[in-house]
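A quick write-up on the structure given underneath.
The values are calculated or read from the model by the stated rules, or taken from the named source; none is laboratory data. For clarity, every value in this text was computed on a predicted model and none was experimentally measured. Note: ideal-geometry Cβ built from the backbone for every residue, glycine included; neighbour counts use all protein chains shown. For accessibility, only protein heavy atoms count, side chains too; no ligands or nucleic acids. Shrake-Rupley method; radii C 1.70, N 1.55, O 1.52, S 1.80 Å.
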Number of protein chains: 2
Amino acid sequence: MLSILHFGGQQVNICGDIIKIRTVNMRTAFYISDGTALTAEAFGHALLSMFPVELNHKTLPFIDTQEKAENVCRQIKQALNDDGEPPLIFHTFVNEKLKSKIVNCGGIGYDFLEQFKGSVEQQLQVKAQPKTHRTHGAHKNYNFRVDAINYALDNDDGKKLNQLDDADIILVGVSRTGKTPTSLYLALQYGIKAANYPITDDDDFEHLDLPRELKLQRHKLFGLTLNVQRLHEIRSGRRQGSHYASMQQCRFELQEVEKLYRREAIPFINSTHFSVEEIAAKILAKTNLQRRRF
Amino acid sequence: MLSILHFGGQQVNICGDIIKIRTVNMRTAFYISDGTALTAEAFGHALLSMFPVELNHKTLPFIDTQEKAENVCRQIKQALNDDGEPPLIFHTFVNEKLKSKIVNCGGIGYDFLEQFKGSVEQQLQVKAQPKTHRTHGAHKNYNFRVDAINYALDNDDGKKLNQLDDADIILVGVSRTGKTPTSLYLALQYGIKAANYPITDDDDFEHLDLPRELKLQRHKLFGLTLNVQRLHEIRSGRRQGSHYASMQQCRFELQEVEKLYRREAIPFINSTHFSVEEIAAKILAKTNLQRRRF
């Protein structure tokens, strides 16, 4: 049986041959918390996104007992051993004892809450009272969100036109321009009730018009559009080689729908280079829509 | 015409009467960025959640021109004037010129990226290369997420049983225990394909069993449950006074479903006190499910 020694990102077998176990010797970033670790992730990802460096990412949420903390400590030491460099530890602990356990295992700790706490205490003239589950815990906004999600599901893809009075916003666009993910994200992230309606008219795309129900809600309409090439790619992923996915049809539909937006004075964005988060944030910025949730 | 002077959160009219314009003199927290401001929000909310203080929150994303920055500067000065105290400014700018404009308008700036940049540079031996839209921009993970969202929609509420091979996880539970929001959140946040299946059996709840299709995927099943009182409240919001919403029926269904979970060795959590974020994070922690997205 071969016994194997670790060093760095490599292994050495008993014959002294070096076996690469990773293509590069990647350093590890840990995101650790006694809560969800969502804040530790948001913080660490934002910071690391400034660096053109690949890392292994490990999120360890709900580290809320001494035993779990000891297990994490072993993982940190293991990473130090495997990578040959100390891992970066982005952490947000409420429990000071657990925190002190974690920061003394050989990693490089980043504690942004601690860093800024003193200054905010001074400004607000109040002592910090850390509590788990305050950032991402269930609270009074919960019902708003679930209502908004149910609303988005019920009013996806033009399924119903009799609930549009309740909409905060109505997204419109041709097929596959991101209406559904955006509606759901608006609901989950901001508690906003977003309906969406597909602009399709196979028979007569040249004389596009909005149904009466949408015209009555014109002030709530918001259009999405894409570059032709991107729409072609997305549609080809669904129906390769179809008329529906052809460059020609994509170009035609996008031209016509953008004409419609202009004619009806519907605000719109081209979301080709944007993530769902960015599209949602842009819509909020453009419409002054009030979020129900902070 | 009355001319009005501001001080603090109050106004004084020309006769010297004090008119309260807010019930309390609330200070303002701004979240400002030349990107989505999602990182600035996550950072500021986490920090402020440690303080039992109410604030006005204002998010200003995509402040990417000198003109927009000047407008923001006016808003900061206005808040200082209205509140009587300098607002707190949580910001994440890539553009240094715009940042310097924003931090010199009379607010108290918090710049966590700047604070930790030097240390990470030293650790990684690489200079930071800030770029907008790196944290929340569209990238190769985009298709995973949209696929996962479409999967969750197609496989919501037991709609289909022939796509369960593709599921990463299958959430089960009685009606109104949070299966749908959790599935969608897993898709949006982590790119995980989550199906969900409602445990209902009006005729014979005492002899609950899983359909054959689910039994074949037993290793992917994950149960949700709630406290009786909470389920009663949620169901009453939908069908007040119904048998379905009664304490008796809720207690009965929850008892039986929890028996089923134990009998079939299905891992489950009681999500009464958890937000969607926490439920999702707990599921990940309990199942070692691999997220597709960081």
Is it the case that some residue within the stretch B:110-129 is within 30 Å of residue B:290 (Cα to Cα), open to solvent by 20 Å² or more (accessible area, probe 1.4 Å), among the acidic types (Asp, Glu) and at the interface with chain A (Cβ under 10 Å from one of its Cβ atoms)?
yes
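Results for (1) modelled with pLDDT of 90 or more; (2) touching a Phe, Trp or Tyr at 6+ places or on another chain (Cβ under 6 Å); (3) surrounded by 21 or more Cβ atoms within 10 Å (Cβ to Cβ), shown as yes or no for each residue.
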residue	(1), (2), (3)
A:2	no, no, no
A:12	no, no, no
A:30	yes, no, yes
A:50	yes, no, yes
A:59	yes, yes, yes
A:93	yes, no, yes
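Residue-wise test of (1) farther than 18 Å from residue B:110 by Cβ; (2) touching a residue at least 24 places away in the same chain (Cβ under 8 Å); (3) open to solvent by 40 Å² or more (accessible area, probe 1.4 Å).
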| residue | (1), (2), (3) |
| --- | --- |
| A:63 | yes, yes, no |
| A:66 | yes, yes, yes |
| A:70 | yes, yes, yes |
| A:96 | yes, no, yes |
| A:101 | yes, yes, yes |
Under the condition of being assigned to a loop (DSSP other than H, G, I, E, B) and either in contact with a helix residue (DSSP H, G or I) (Cβ under 9 Å, 6 or more places away or on another chain) or open to solvent by less than 50 Å² (accessible area, probe 1.4 Å) (or both), which residue from the stretch B:195-211 is modelled with the highest pLDDT?
B:199
Scan of the stretch B:240-269 for residues that are more than 12 Å from chain A (Cβ to nearest Cβ) and not in a helix (DSSP H, G or I), ordered by number
B:240, B:241, B:242, B:243, B:244, B:245, B:246, B:264, B:265, B:266, B:267, B:268
Would you tally the residues in the stretch B:51-104 being in a loop (DSSP other than H, G, I, E, B) and hydroxyl-bearing (Ser, Thr, Tyr)?
1
Taking residue B:214, is it within 13 Å of chain A (Cβ to nearest Cβ) and crowded, with 20+ Cβ neighbours inside 10 Å?
no
Test: residue B:192 is within 14 Å of another protein chain (Cβ to nearest Cβ), hydrophobic (A, V, I, L, M, F, W, C), surrounded by 15 or more Cβ atoms within 10 Å (Cβ to Cβ) and part of a loop (DSSP other than H, G, I, E, B)
yes
